1. Testing A:CYS8 on (1) surrounded by fewer than 22 Cβ atoms within 10 Å (Cβ to Cβ); (2) over 19 Å from the mean Cα position of the chain (by Cα), one condition comes back false. Which one is that?
2. For region A:97-129, give me each residue that is more than 7 Å from chain B (Cβ to nearest Cβ) and within 20 Å of A:LEU29 (Cβ to Cβ).
3. Would you confirm, using the coordinates I've provided, whether B:TRP97 is within 16 Å of DNA strand D (Cβ to nearest atom), buried (at least 17 other Cβ atoms within 10 Å of the Cβ) and modelled with pLDDT of 95 or more?
4. If A:SER3 satisfies all but one of (1) polar (S, T, N, Q); (2) more than 10 Å from DNA strand C (Cβ to nearest atom); (3) within 13 Å of another protein chain (Cβ to nearest Cβ), what's the number of the condition it fails?
5. Could you tell me which residue of region B:1-60 is nearest to DNA strand D (Cβ to nearest atom), considering only residues that are of a type in the set (Phe, Trp, Tyr) and within 23 Å of B:LEU117 (Cβ to Cβ)?
6. Out of (1) of a type in the set (A, V, I, L, M, F, W, C); (2) at pLDDT 95 or above; (3) in the same structural domain as B:GLY18 (by TED's automatic domain parsing), the odd one out for B:VAL75 is which?
7. Answer yes if at least one residue in region A:8-26 is farther than 22 Å from B:ARG20 by Cβ and part of a loop (DSSP other than H, G, I, E, B), and no otherwise.
8. Within the set of pairs 6 or more residues apart or between chains, which connect a residue that is free of Cβ contacts under 8 Å to residues at least 12 places away in the same chain inside region A:88-101 to a residue that is among the basic types (Lys, Arg) with Cβ atoms less than 6 Å apart?
Number of protein chains: 2
Amino acid sequence: MKSYGQRCPVSRALDVVGDRWALLVLRELELGPKRYTDLLDGLPGVGTNVLSARLRDLESAGIVTKRTLPPPTPVTVYEATEAGRALRPVLQALRDWGEEYGRPIAHNDAIRASWMLTPLARRKGALPSGRVYELRVGDEVFEVRGARDGLSIAGGQADHPDAVVELGLGDLHALTSGSATPRDVRRRADIDGDDEAADQLLRALAPV
Amino acid sequence: MKSYGQRCPVSRALDVVGDRWALLVLRELELGPKRYTDLLDGLPGVGTNVLSARLRDLESAGIVTKRTLPPPTPVTVYEATEAGRALRPVLQALRDWGEEYGRPIAHNDAIRASWMLTPLARRKGALPSGRVYELRVGDEVFEVRGARDGLSIAGGQADHPDAVVELGLGDLHALTSGSATPRDVRRRADIDGDDEAADQLLRALAPV
DNA sequence: CCGCATCCCCAAAGATACTG
DNA sequence: CAGTATCTTTGGGGATGCGG
């Protein structure tokens, strides 16, 4: 994109992340590194050329790094750098504003589990510290951990989780939006491991 | 712009304010209502057609309102609505990020006094409550007020200011960036009214 | 399959001239 | 002053192709 050419920190920020899809790429990387195709799936509507261009831009701006994981599965993943993680307050401010004043929800909007889970990260005291859970929604898998300052969520499988909970996209949406209780969802969820832990996880996903 | 079509508050926010120039229009309205031509001047590089399109978009999105001031000078001004003012945290987060990670400053960047002053608004306890100042930089005029929770800045002339301080763009930049002291700037400033008040104002503009 | 690059087309932005 | 009209240029959406 062309620079605004203004000596103003707002416009200088937008010179870097003001391009279409740019901030949404960062949103996708909030829960950890992702592969190109997973980014494509998390950004429905983006063209493959646009995504690769945006990743190149963000990489040369020092906001994203491309890393190749070691064998035996040499996949390349994209990851937010320090500067990229520093955009979290921007994303959070946009999220807060969008909830209240953004475009109204349309019934054919695309939807992803990670979009519902990201705002729950760093929620205070929702889960016992040290507990590890695996949450599966559709083909998305997340590791949820209880930490002393709240809960953390990352994309990918969990190591030795206390419980594995699998539920549908609709159930997750109902749960996080408050239109269903943890108890409601529990009956339709597929639970593996400690039942008590699974209950903790479901309660942690419901609004306070 | 085309909607992202995603049920995510971040993208739903960007559906409304993600267009080029949109957030910068809100930046220009942070210090109060502005006329079309003043917006043009505060947004160097924007085309007249693009600005009018953006204002129309933002108005129909309920973020900006167009108001015609009563006679004898029937000028039309644009003003941020409640939803527009609610974008302040977004602008502030972008400002913070841009300071540290944004595009580096170029020597031919355009520059405006208001871009330097906006981040100073609502600064805590910088000026005695109730005091009123007028600050003139080039052809931009601002009203600065001491309030109990900090200082407030608005565009336009002040009513019965305790002091009127006029200084150059370079001096303001030097002052707010810390490369010049209030004492340095004072000698080159044009001061009208209470000298003590003028000193207060200059000190309030310098970094803590 | 994954990770793009290329191509074509259209919509939006840039630039400038002009008007009520 | 406050825009509209017009033209050019750029960037994004969509499809396809292609090497590893």
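1. Of the numbered conditions (1) surrounded by fewer than 22 Cβ atoms within 10 Å (Cβ to Cβ); (2) over 19 Å from the mean Cα position of the chain (by Cα), the odd one out for A:CYS8 is (1).
2. Those that are more than 7 Å from chain B (Cβ to nearest Cβ) and within 20 Å of A:LEU29 (Cβ to Cβ): A:ARG112, A:ALA113, A:SER114, A:MET116, A:LEU117, A:THR118, A:PRO119, A:LEU120, A:ALA121, A:ARG122, A:ARG123.
3. On the way: within 16 Å of DNA strand D (Cβ to nearest atom): no; buried (at least 17 other Cβ atoms within 10 Å of the Cβ): yes; modelled with pLDDT of 95 or more: yes.
When the stated conditions are applied, B:TRP97 does not pass them.
4. The one condition A:SER3 does not meet is (2).
5. To start, the set of residues in region B:1-60 that are of a type in the set (Phe, Trp, Tyr) comprises B:4, B:21, B:36.
From what is left, the residues that are within 23 Å of B:LEU117 (Cβ to Cβ) are B:21, B:36.
Details: B:TRP21: 14, B:TYR36: 4 Å.
If we take residues in region B:1-60 being of a type in the set (Phe, Trp, Tyr) and within 23 Å of B:LEU117 (Cβ to Cβ), then B:TYR36 is nearest to DNA strand D (Cβ to nearest atom).
6. Here B:VAL75 meets the rest and fails (2).
7. Quick first cut of region A:8-26, residues farther than 22 Å from B:ARG20 by Cβ only: none.
Looking through region A:8-26, none of the residues is farther than 22 Å from B:ARG20 by Cβ and part of a loop (DSSP other than H, G, I, E, B).
8. A:GLY98/B:ARG12
The values are calculated or read from the model by the stated rules, or taken from the named source; none is laboratory data. Treat the numbers as computed from the prediction; the structure is a model and nothing was measured. When we count neighbours, we look across all protein chains shown, and the Cβ atoms used for this are built from the backbone with ideal geometry, even at glycine.
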